[in-house]
Amino acid sequence: MTCAESPTSAAEGVLQRLMSQLARQFDLALVARPDNKDYFRIAGTRGHIRVEAATQPTLLYGVNWYLKYVAHLQVSTNGVQLGSPGLILAAPKTAIEKPALYRWRYALNENVDGYSAPYWDAKRWQREIDILAFSGTNAVLIERGMDLVLYQTFRDAGYSDEAIRNWIVQPAHQNWQLMGNMCCFEAPISMELLEKRSRSAQQLIATLRRLGITPVLPGYYGIVPADFACLHSGAHVITQGDWNGFTRPGWLDPRDPNFDKLAESFYRHQHALYGDSAIYDMEIFQEGGASGDVPVPEAAKQVQLALRRAHPDALWMLLGWQQNPTQELLSSLDTSHVLIAEIEQGRIPREDRDREFRGAVWLYGGLWEFGGRTTMGAPLYDYAVRLPEMAKRAGSRIVGTAIFTEGLDTNPVAFDLYTEMAWHTDSVNLSEWTDEYAVRRYGADDSHARRAWQILLKTAYGYRADGNMQHGERDASQDSVFNSQPSLTATRAATWSPDVLRYNPDEFAPALTELLQVAPALRSGETYRYDLVDVARQTMANEGRRLLPLIKQAYDSKDKAAFARLSQEWLLDMELQDKLLQTSPFFLLGRWLSFVPPWASSPAELDRLNYDARSILTTWGDRKASEYGLHEYGNRDWAGLTSDYYMPRWRMYFGSLADSLATGEAPKSIDWYDFGDHWNHSQKSYTAVPQGDPYAAALAIAHALHLAPNQ
């Protein structure tokens, strides 16, 4: 005889995995309120903290709130600070009760499955789900496994096994296929990989459901192989042209009789593999696309009807991004079954979304990072002040929040604040909140830590939406010119990254000096070690923006000695940065690549998957796509990537310029795509285990930049 599983057993499992030394001191209970509204309540006695809530994600956030505001501890995306061994938790002075303000607390940008999670194993995914659940998340997008749904759908439609496996792309690029941006890259995908990914997706979805988290799934809106009309004579397929150098899949007119057959097949196979959801994610014209001679309102209506035939009560999730969703697209929809993730509030202060979304409910998105890049920065004001102010307006249609960063586990302070704002009716004083954050982040009220974080708040985290569209993706911070394709005029690495800083780097730099003076007793904590590496890394990245114009000036003036000295300083700075990055598990190329081999079923497949995982960081795609502008979109400050990819490029480039100064001839041109493609096919392995002392490495950078504290 087996005992029935406790209603809170999944939540208890999260506590065991995240904070095993404290988990036994929490008594979790699911208790519904008479009004059926969600909430959490914290009470109890010393060493016996009782948390009640209506749902498991809210229950877990109640524990999180207790850690933050009673115990001054922290579980974060980048490290934990849980006090000393044997800690007995104090009782709250009075019971704490907070209502859940929003129906949805959603997580994951579609691109996470490319820039962070394409090859994660079950253990790594479990960690992410635990962190999301502990942060109160109750809806999570799962794209893994949809490749098998596409495979089965188009096999039903008459495609051969070989033809459809040559159409489906490899994991790190696959989400762009689901969004209708590309096909056929590094084909074919193997049947073994499709099946492995499907089994993994089933496990992830089951884990979410046990926690009371809604798995959000992709829906079907009409993507087809370009030759669909050859197999189905007369089918009305609209050619979609290119996306950043890649040929898009075709788009089948949703009024075409073949559309309903494909949609029925897609949802049937998806249901058989993964069950149902309350939310389906679809973007018909993501970043472009063409409707051709198809009336957009009629097309959108047919897409929604197909979804509702399969899932009558489901919401269609659309993105509030660039020009989407257009008024034309929304005009024919039943907006009572539409949910819009508005993800531009950190760039453009859009104040009239309730009207623009024609009655659809919407999520106030948090998007502070693109491409998985490692830059520090986020528009905290837009989350701490503008979100609650907009949500309090009479008739507001905001029903939740949406973590929409393109990569995960950077900027833990932004994640902490943003997820907390789902529980604040009123604006938060950022200066006071940041002081409290520093205490729980490191485990004590340290004056140097507080000063460091106030500096960071006023600089990297001090920008806000201003509507300026002239300087790239300004809802995120600038990336590092160390990572750019070498040029003396480089102002960014990724084509669409911001080309200017939103703060004075001289005002940012003292944060490193302050962090290095945090009390020695606090320096062994993993949260401190992460922040020290991150701040030292960002300080050095900012130094590149000061140094590069000086190198250009020396070259332009033909000052050989100055050029040699400054270019050598640049390379030594990059070497110091790589040594710093080696000390943290969060900044290792080897960690990224370590997830790849178990997915391969043959040496040839391992080569393809290795290329897939590497190229997304560098050239991104083939020559056409790379040179179109995608190269370096996924750049990041990682050990291994810095030493073996970025540094050799700059060394080659400076060498060509030095030769030019010596001979008077034009510098030799360098084929950067060829260099990147060669690296992408490399078999060199990298350690997934940090090496060295973060404090010593950060101090070395501080000395090099004249920022070391007086000893």
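So the values come out like this:
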| read-out | value |
| --- | --- |
| Strands (runs of 3 or more DSSP E) wholly inside the stretch 66-127 that include at least 3 residues being touching a residue at least 40 places away in the same chain (Cβ under 8 Å) and open to solvent by 20 Å² or more (accessible area, probe 1.4 Å) | 96-99 |
| Of all residues making up the stretch 574-584, the number that are crowded, with 16+ Cβ neighbours inside 10 Å and assigned to a helix (DSSP H, G or I) | 7 |
| Residue tally, condition part of a strand (DSSP E or B) and under 29 Å from the mean Cα position of the chain (by Cα), over the stretch 219-243 | 4 |
| Selection status of residue 619, surrounded by 20 or more Cβ atoms within 10 Å (Cβ to Cβ) and of a type in the set (S, T, N, Q) | yes |
| Looking only at the stretch 463-513, and only at residues there that are within 23 Å of the chain's Cα centre (by Cα) and of a type in the set (Asp, Glu), the one that is nearest to residue 534 (Cα to Cα) | 479 |
| Residue, farthest from the chain's Cα centre (by Cα), within the stretch 309-328, restricted to residues that are surrounded by fewer than 21 Cβ atoms within 10 Å (Cβ to Cβ) and under 21 Å from residue 258 (Cβ atoms) | 309 |
| Flag if residue 26 is aromatic (Phe, Trp, Tyr) and farther than 18 Å from residue 105 by Cβ | yes |
| Qualifying positions in the stretch 440-452 - assigned to a helix (DSSP H, G or I), touching a residue at least 24 places away in the same chain (Cβ under 8 Å) and closer than 15 Å to residue 532 by Cα | 441, 442, 448, 449, 451, 452 |
| Residue satisfying all of: in the stretch 172-218; in contact (Cβ under 8 Å) with a residue 60 or more places away in the chain and over 23 Å from the mean Cα position of the chain (by Cα); surrounded by the most Cβ atoms within 10 Å (Cβ to Cβ) among these | 193 |
| Subset of the stretch 155-171 [in a loop (DSSP other than H, G, I, E, B) and more than 33 Å from the chain's Cα centre (by Cα)] | 157, 158, 159, 160 |
| Candidate set: the stretch 443-462, residues that are of a type in the set (A, V, I, L, M, F, W, C) and over 10 Å from residue 378 (Cβ atoms); chosen: the one farthest from the chain's Cα centre (by Cα) | 444 |
| Pick from the stretch 635-665, criterion under 22 Å from residue 175 (Cβ atoms), assigned to a loop (DSSP other than H, G, I, E, B) and touching a helix residue (DSSP H, G or I) at 6+ places or on another chain (Cβ under 6 Å), ranking: least open to solvent (accessible area, probe 1.4 Å) | 635 |
| Residue, nearest to residue 94 (Cα to Cα), within the stretch 9-36, restricted to residues that are at pLDDT 95 or above, assigned to a loop (DSSP other than H, G, I, E, B) and open to solvent by 10 Å² or more (accessible area, probe 1.4 Å) | 31 |
| Residue count, the stretch 48-63 (criterion: open to solvent by less than 10 Å² (accessible area, probe 1.4 Å) and in contact (Cβ under 8 Å) with a residue 40 or more places away in the chain) | 7 |
| Residue in the stretch 406-436 that is nearest to residue 454 (Cα to Cα), counting only those that are open to solvent by less than 10 Å² (accessible area, probe 1.4 Å) and either aliphatic (A, V, I, L, M) or touching a His at 6+ places or on another chain (Cβ under 9 Å) (or both) | 413 |
| Selection count where residues are in a loop (DSSP other than H, G, I, E, B), in contact with a helix residue (DSSP H, G or I) (Cβ under 8 Å, 6 or more places away or on another chain) and either modelled with pLDDT under 95 or not aliphatic (A, V, I, L, M) (or both), scope the stretch 670-711 | 10 |
| Count - residues of the stretch 534-573 that are surrounded by 14 or more Cβ atoms within 10 Å (Cβ to Cβ), farther than 18 Å from residue 509 by Cβ, of a type in the set (A, V, I, L, M) and free of Cβ contacts under 8 Å to residues at least 40 places away in the same chain | 3 |
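Here's the yes/no breakdown for (1) of a type in the set (Val, Ile, Thr); (2) open to solvent by less than 40 Å² (accessible area, probe 1.4 Å); (3) touching a helix residue (DSSP H, G or I) at 6+ places or on another chain (Cβ under 6 Å); (4) outside any helix (DSSP H, G or I):
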residue	(1), (2), (3), (4)
277	no, yes, no, yes
286	no, yes, no, yes
292	no, no, no, yes
299	no, yes, no, no
307	no, yes, no, no
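Residues checked against (1) among the β-branched types (Val, Ile, Thr); (2) open to solvent by 10 Å² or more (accessible area, probe 1.4 Å); (3) over 22 Å from residue 284 (Cα atoms); (4) modelled with pLDDT of 95 or more:
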{"position": "330", "(1), (2), (3), (4)": "no, no, no, yes"}
{"position": "334", "(1), (2), (3), (4)": "no, yes, no, yes"}
{"position": "339", "(1), (2), (3), (4)": "no, no, no, yes"}
{"position": "350", "(1), (2), (3), (4)": "no, yes, yes, no"}
{"position": "357", "(1), (2), (3), (4)": "no, no, no, yes"}
{"position": "360", "(1), (2), (3), (4)": "no, no, no, yes"}
{"position": "365", "(1), (2), (3), (4)": "no, no, no, yes"}
{"position": "369", "(1), (2), (3), (4)": "no, no, yes, yes"}
{"position": "375", "(1), (2), (3), (4)": "yes, yes, yes, yes"}
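The values are calculated or read from the model by the stated rules, or taken from the named source; none is laboratory data. What you are looking at is a predicted structure, and each value in this text was computed from that prediction instead of being measured. Every residue, glycine among them, receives a Cβ derived from its backbone with ideal geometry; neighbour counts consider all protein chains shown. All accessible areas refer to the heavy atoms of the entire protein, side chains included, with ligands and DNA or RNA removed. Shrake-Rupley method; radii C 1.70, N 1.55, O 1.52, S 1.80 Å.
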